[in-house]
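Visitor: Supplied in structure tokens, the structure appears directly below.
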Amino acid sequence: MNNVINAMSKFKTNLGNFIDEYKNELEHIEKEEEFIRTLSDVINYSKNDILLLPFYDQTILSRIFERISPLSSNEMNKIKTAKYLIEASKSVDKSHFLQYNNAVKDIKNIFDNINSYYEKMLADETLKTNKEKYSSIVENYEIIYNKIGEDSFKSIIDDVDLFEETITNCKLENEDISTILNIAIKDNLKYLDTAGISIEKKDNKSQDEIYDLSHLLREE
Amino acid sequence: MELKNYLIELLSNIIHDKLEMLSETEDNMKKTEEYKKIEEIFSDVSNVLNVDNDELRKVLNSITDEDTVEGIISNVDMIKIVLNGENNGLDLSLDESQEALIKGVYDIVYNHRTELENKCTETKAYLEDFIARCENLSNEIGIGVVRDIDTLDVILKDKEVSDEEIIKYKLEILRNNNSNYNLNLEGKGKEEVELRLAFKKIDIDFDTLNEIEKKILINYGNIDNINELIEYILSKKLQFSINNLFILLVFSNVSNLSKIYDITTTYELNFDKLFMMPGVFIKDQELINTIIEENKNEEDYYNISYLENIQAQFDIFNKNISLLLEKNKNIKECFKTNILSLIIPDMQKNIAILEELPLSDKEFSIIVINPFLATSKSSFEECGLRDYINNNPLRLTTSYYRLKEIATRIIDARKNGKIIFRSLSDKKNYWLSKNITIGEPKENVQEVIKWNF
């Protein structure tokens with residue numbers, strides 16, 4: 001009995017860890033999607049008038065620059081300068097014209113950088129593909145996970161392909177896999193019988209008794 | 001070779017071997033007859049004269065070594081001479097050692113014979129069982145529904161089959177078993193099979209539910225949640241009517257149910273009574289709304305219309321229990337008196353009013369959970385009568401007459417007082433006038449309690 005409990009426990013733990021790994025991946029994907037939404041928001045905010053860009057939330061802009069231009073540290077300074085010059089230009093301060101024009105160029109460059117990064121991210125199908133793939137793994141494997149009891153399966157294993165895939169991915173010893181399959185086979189039959197479809201049942205002896213028998217026969 | 005065919009051949013060989021062993025065992029059983037013959041001779045001294053040395057030698061050779069056997073035979077020959085002489089009138093008799101030898105031969109043969117018999121019987125039973133098991137397993141493998149996985153394991157353990165092959169074959173068994181049960185588990189009907197299985201666990205026939213309840217369970221019930229609930233029900237040996245079980249399985253969960261169960265057991269409350277207000281078990285009011293909305297055009301919509309009246313009241317219930325505990329009130333008493341009051345939304349307000357009155361704990365418990373009186377006190381406050389109540393410490397009871405008295409005093413105090421009673425029976429509003437026109441005073445208090453503000 002202990003080997004059964006041990007095998008099921010390992011199965012549950014390993015499968016839980018496996019699912020967690022993919023949940024973490026999904027969290028990462030969600031953060032990426034959030035970043036894409038942020039980029040989209042920034043672009044939409046200033047696409048009709050790029051001079052609005054410096055007035056977007058500075059914390060968010062700073063976060064975007066950290067990500068898309070990690071080697072260029074002065075993006076924020078350019079934005080701050082542009083913001084100041086745009087404000088100042090409202091009072092028609094001619095002395096700032098040259099700087100103002102440069103600042104507009106900077107903003108345009110920054111906007112183009114953000115936009116091209118956004119388009120690159122959008123064009124990258126990996127995120128979408130992985131999200132579908134990982135969500136499906138988490139969803140399907142949780143179905144199996146929820147079926148695992150202490151020494152038995154709580155409900156019928158109907159999707160054997162999924163079950164096989166799950167067991168294979170759980171990094172279990174062959175002996176444990178074999179034990180788990182024994183339980184699955186026995187429990188499935190039990191559930192199928194309970195559902196009212198029966199095939200003649202034998203009063204099977206316990207495995208220990210059979211081992212005794214097998215040893216005795218060898219001694220003979 | 002395919003593992004299935006390999007196993008059938010392997011089992012056939014094993015059966016063949018074991019049948020041979022069975023035959024040997026049966027031969028050994030026959031040998032015991034020879035032992036019995038010797039035993040019989042050596043059970044009586046006078047018989048020893050008739051012993052056939054060859055037969056004796058044969059039996060003893062299977063028990064002990066040759067030197068010992070020949071020693072015994074030589075002694076037996078001497079015994080025969082003595083016995084023969086004695087029979088012929090010579091003055092001869094066996095000495096003690098010779099008598100001891102006769103007894104010794106008897107004992108050794110008897111012991112060996114019984115030991116052999118026991119071993120043969122045991123072996124025969126084991127072999128027959130093992131052969132039957134192998135034949136059965138072979139048959140199962142042939143049919144494609146393998147049940148006796150333990151015997152299969154024993155058979156495979158001693159053979160040169162790789163772990164990978166065994167695993168592959170067991171997965172094949174799992175697939176074959178499912179498909180050979182002729183169940184379309186992958187498609188439509190799977191949910192119902194799962195539900196039927198779940199219901200079997202608690203020994204309830206799924207068909208006891210009506211068609212709309214079945215449909216709701218299949219379409220909206222979460223099988224994992226249902227299985228968890230059923231495991232909990234089994235572990236606590238809880239009993240439910242079929243309707244309540246349906247409500248519980250669709251709209252509740254284990255965390256909700258266990259909280260309620262813990263409260264009822266801690267305070268020795270009657271768990272079954274809680275189902276007078278099924279809403280307490282429901283965590284998912286949104287699901288009720290969805291079901292009602294999605295099914296309103298269905299022919300059997302009327303069957304689920306009762307769900308409309310079930311509001312998820314668990315949070316209020318839980319809050320009120322905590323509130324009474326906080327006030328150190330006798331929950332058991334409250335629960336016994338009127339369970340429905342435990343879902344009064346404004347209990348906190350009622351408690352605040354009642355706490356200012358000089359009531360005993362029991363009175364407090366009875367009143368605070370009585371929806372009629374408790375709500376009425378709350379209404380009194382809203383009517384601006386708090387001061388009146390404070391200045392006239394009423395000893396509230398559930399008596400109709402007391403109630404009438406309270407009402408009269410209130411009406412006296414509020415010249416234009418308007419207090420609405422809503423009848424739960426005919427859903428009409430009634431005015432409580434100066435003359436108490438809600439009906440003649442009745443002896444039966446319960447009838448009065450039916451009225452609610």
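Per-residue answers, yes or no, for (1) surrounded by 15 or more Cβ atoms within 10 Å (Cβ to Cβ); (2) more than 14 Å from B:Phe281 (Cα to Cα); (3) over 18 Å from the mean Cα position of the chain (by Cα):
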| position | (1), (2), (3) |
| --- | --- |
| B:Asp224 | yes, yes, no |
| B:Leu229 | yes, no, no |
| B:Ser235 | no, yes, no |
| B:Phe240 | yes, no, no |
| B:Leu248 | yes, no, yes |
| B:Phe251 | yes, no, yes |
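Visitor: Shifting gears a bit: What do you reckon, is B:Ile143 hydrophobic (A, V, I, L, M, F, W, C) and either within 29 Å of the chain's Cα centre (by Cα) or modelled with pLDDT of 85 or more (or both)?
Guide: No: the conditions fail for B:Ile143.
Visitor: All but one of (1) outside any helix (DSSP H, G or I); (2) under 18 Å from B:Tyr106 (Cβ atoms) hold for B:Leu92; state the number of the condition that does not hold.
Guide: It fails just one condition, (2).
Visitor: Any residue in segment B:108-118 that is in the same structural domain as B:Met78 (by TED's automatic domain parsing), loosely packed, with under 13 Cβ neighbours inside 10 Å and within 38 Å of the chain's Cα centre (by Cα)?
Guide: No, that holds for no residue.
Visitor: Does B:Ile202 fit the bill of being at pLDDT 85 or above and among the β-branched types (Val, Ile, Thr)?
Guide: no
Visitor: Still on this model: Hey, among B:Ile321, B:Ile291, B:Ile304, which residue is of a type outside the set (Gly, Ala, Ser), outside the structural domain of B:Ser241 (by TED's automatic domain parsing) and touching a residue at least 40 places away in the same chain (Cβ under 8 Å)?
Guide: Just one listed residue meets the conditions, B:Ile321.
Visitor: Hey, A:Lys171 hits all of (1) assigned to a helix (DSSP H, G or I); (2) surrounded by fewer than 19 Cβ atoms within 10 Å (Cβ to Cβ) but one; which does it fall short on?
Guide: All conditions pass for A:Lys171, except number (1).
Visitor: Moving to a separate point now. Looking only at residues that are in a helix (DSSP H, G or I) and among the small types (Gly, Ala, Ser) in segment B:10-48, which one is nearest to B:Met78 (Cα to Cα)?
Guide: It comes out as B:Ser46.
Visitor: Could you please give the count of residues in segment A:128-148 that are acidic (Asp, Glu) and within 11 Å of chain B (Cβ to nearest Cβ)?
Guide: Matching residues across segment A:128-148 total 1.
Visitor: From the list A:Lys105, A:Lys147, pick out the single residue that is among the basic types (Lys, Arg) and closer than 30 Å to B:Leu171 by Cα.
Guide: A:Lys147
Visitor: May I pose another question? What do you reckon, is B:Asp207 over 21 Å from A:Glu142 (Cβ atoms), within 14 Å of chain A (Cβ to nearest Cβ) and not in a helix (DSSP H, G or I)?
Guide: No, not satisfied.
Visitor: Separate question: Of all residues in segment A:152-179, count the ones that are under 19 Å from B:Asp148 (Cβ atoms) and more than 27 Å from the chain's Cα centre (by Cα).
Guide: Matching residues across segment A:152-179 total 3.
Visitor: What number of residues in segment A:106-136 are surrounded by 12 or more Cβ atoms within 10 Å (Cβ to Cβ) and more than 16 Å from A:Glu30 (Cα to Cα)?
Guide: Residues meeting the conditions: 11.
Visitor: Take the conditions out of contact with any strand residue (DSSP E or B) (no Cβ under 6 Å at 6 or more places or on another chain), within 21 Å of B:Ile173 (Cβ to Cβ) and not basic (Lys, Arg) and apply them to A:Asp187. Does it pass?
Guide: no
Visitor: While we're here: Specify the residue that is farthest from the other protein chains (Cβ to nearest Cβ); the eligible residues are those in segment A:149-168 that are touching a residue at least 40 places away in the same chain (Cβ under 8 Å) and part of a helix (DSSP H, G or I).
Guide: Applying the filter and picking the extreme gives A:Thr166.
Visitor: If you go through segment A:203-215 one residue at a time, do you hit one that is modelled with pLDDT of 90 or more, more than 7 Å from every other protein chain (Cβ to nearest Cβ), surrounded by fewer than 19 Cβ atoms within 10 Å (Cβ to Cβ) and not in a helix (DSSP H, G or I)?
Guide: Checking segment A:203-215: not a single residue is modelled with pLDDT of 90 or more, more than 7 Å from every other protein chain (Cβ to nearest Cβ), surrounded by fewer than 19 Cβ atoms within 10 Å (Cβ to Cβ) and not in a helix (DSSP H, G or I).
The values are calculated or read from the model by the stated rules, or taken from the named source; none is laboratory data. What you see is a predicted model, and the numbers here were worked out from it, not measured in a lab. Positions of Cβ are generated from backbone atoms using ideal geometry, with glycine treated the same way; all protein chains shown enter the neighbour counts.
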